[in-house]
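See structure below.
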Amino acid sequence: MSDTDCAPRLASADPSGVPFAALDPELLRTQRTSIKWSRFGEDVLPLFVAEMDFAVAPEIRRAMIERVEASDLGYIDGPGGLAAAFSDFARDRWSWHVPHDRVHLATDVATAVVEALRVGRPNGGRLALSTPTYPGFFEMLEEVPFDVVEIPLALSEAAPEVRLDLAAIQRVFASAEGVDAFVLCNPHNPHGLVHAPEDLSELARLAAAHDVFVVSDEIHAPLTFSGVEFTPFAPIAAEAGALSVSALSASKGWNLAGAKCAVLVAADARADELLRRLPPETVTRVSILGLHANIAAFENARAWLDRAIAQVEANVELLAELVARHLPGVRLQRPQAGYLVWLDFRAAGLGDDPYSRILHDARVALNDGAAFGSGGSGHVRINVACAPQTIREAVARIASILPESLPAPHPIPAPHPTTAPVPDPEASR
Ligand SMILES: Cc1ncc(COP(=O)(O)O)c(C=O)c1O
């Protein structure tokens, strides 16, 4: 069987109907100015930061253009239509019933986490995180007076091979020094782990018993794969009597990080009382364009989201296939949500800093696992929200630097020609 025979069947256009040829990194580099396209030189394939190559959903572009055309670029005075748009989305997708007045604004999810910690635990203290995890948490936590305690994830029998180490969490929560706050990453970046409801219930029980404030970062939740059930933490926390708030946005699911708008949702009346203490400036620091982009995403761009998830799922399958064939020694953890894939390079023969070897010798920019906290070194994170051909190119480049003593890489084939979704004429503008 050839590589082409067993490659997953892929569409030829992105979720907005833009042909994948138009998502060629060389072309995108001439069109986009974000960090993904400006951080490295033009010979480097950028698959690091969590930005999608897919074109923004037409519904969102229209909403933003309408605001610009109306010269409606002032300050905002609260979540407005976003409370209902988010609440409807949470009810329809996750059966989570969010009262509109429990939805508060923040500039982005990073700011939401920091602001929540400031009002929830104004004196700081000790904050626990399950690692390896999103490096941004370590950067955010420099803004608040906490000592960070890393609790490594536990290995699990089932995909994606890791889960919360609840026994270790219990030991840390119950220790003499205790813990004041826990930042939950739900789903967990970088593994794309969707936590099991029973693990979340146990975490909530422990948090209630030891008075630990839980901030649940649920930014990747809209990108939960088909057939996987995402469990929001807030209802579980409320039932257990744990103090908790959740931070969400359309920024990852619909690729709107630069639009700057997120929501903080109080799990119950006690958490809501905390969020009402957020400084009024928290609201004026949110972008009016971001607010309308989020409303359009949650209300009108759900079909786009489903196409994006399907494409990401296909890209993960493609990557898994290519890694198995061309990157001997590399282990891939299959995500259940999000477009970030965690790769273990410890047995691939690239030494203890595979990130630097891949960047300097293969000219592919990934995220360095060492930045994800304990358990991360020897790993890299790759972003697969791109055209399938970009994944093929990345794997071919990485395969070319693997040690010669390992089996020679096979040639990597071109993508399948398959039926394309009907292109949206606006999408390629
Ligand atoms: C888990 C997690 N939280 C927060 C962020 C940052 O989100 P924002 O740009 O809304 O601050 C990211 C970005 O990738 C992330 O993966």
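A short reminder: the numbers here are calculations on the coordinates, not readings from a lab. In this text, all values refer to a predicted model and were calculated from it rather than measured experimentally. Cβ coordinates were reconstructed from backbone atoms using ideal geometry, including for glycine residues, and neighbour counts include every protein chain displayed.
In the chain, the calculated helix contribution to ellipticity at 222 nm averages -10500 deg cm²/dmol per residue, counting -39,500 (n - 2.57) for every DSSP H run with n ≥ 4.
Phi angles across region 251-263 convert, under the Karplus curve 6.51 cos²θ - 1.76 cosθ + 1.60 with θ = phi - 60°, into 3J(HN,Hα) values of 5, 7, x, 10, 6, 10, 4, x, 7, 6, 7, 9, 10 Hz, Gly and Pro given as x. Between E142 and N300, the distance separating the two model label sites (each 7 Å from Cα on the Cα→Cβ line) works out to 4.0 nm. Assuming R0 = 41 Å, can you tell me the calculated FRET efficiency for the pair E281 and A154, based on Cβ-Cβ distance, to the nearest 0.05? So the FRET efficiency works out to roughly 0.50.
Projected onto the charge dipole of the chain (+1 at Lys/Arg Cβ, -1 at Asp/Glu Cβ, origin at the Cα centre), which of N186, A337, L206 gives the Cα projection farthest towards the positive end? In the chain, that residue is A337.
Residues S38, S12, S374, arranged from fewest to most other Cβ atoms within 10 angstrom of their Cβ, appear as S38, S374, S12. Volume of the convex hull of the chain (Cα atoms only), normalised per residue: 138 Å³. Between D361 and A320, full extension at 0.36 nm per residue minus the direct alpha carbon distance yields a gain of 12.5 nm. Computed extension length for H97-N123: 6.2 nm, one decimal, from 0.36 nm per residue of separation with the Cα-Cα distance subtracted. When the Gaussian network model of the chain links Cα atoms closer than 10 Å, the mean-square fluctuations of N123, N189, N367 top out at N123. Within the listed set M52, M64, M140, the Gaussian network model of the chain (springs between alpha-carbon atoms below 10 Å) gives the highest mean-square fluctuation for M140. Label separation (A196 vs L73): 5.1 nm, computed from points 7 Å beyond Cα along the C-beta direction. Charging the Cβ of each Asp and Glu at -1 and of each Lys and Arg at +1, and nothing else, the dipole of region 264-343 about its Cα centre rounds to 200 debye.
Between H195, H104, H210, the GNM of the chain built on Cα springs shorter than 10 angstrom shows H210 fluctuating the most.
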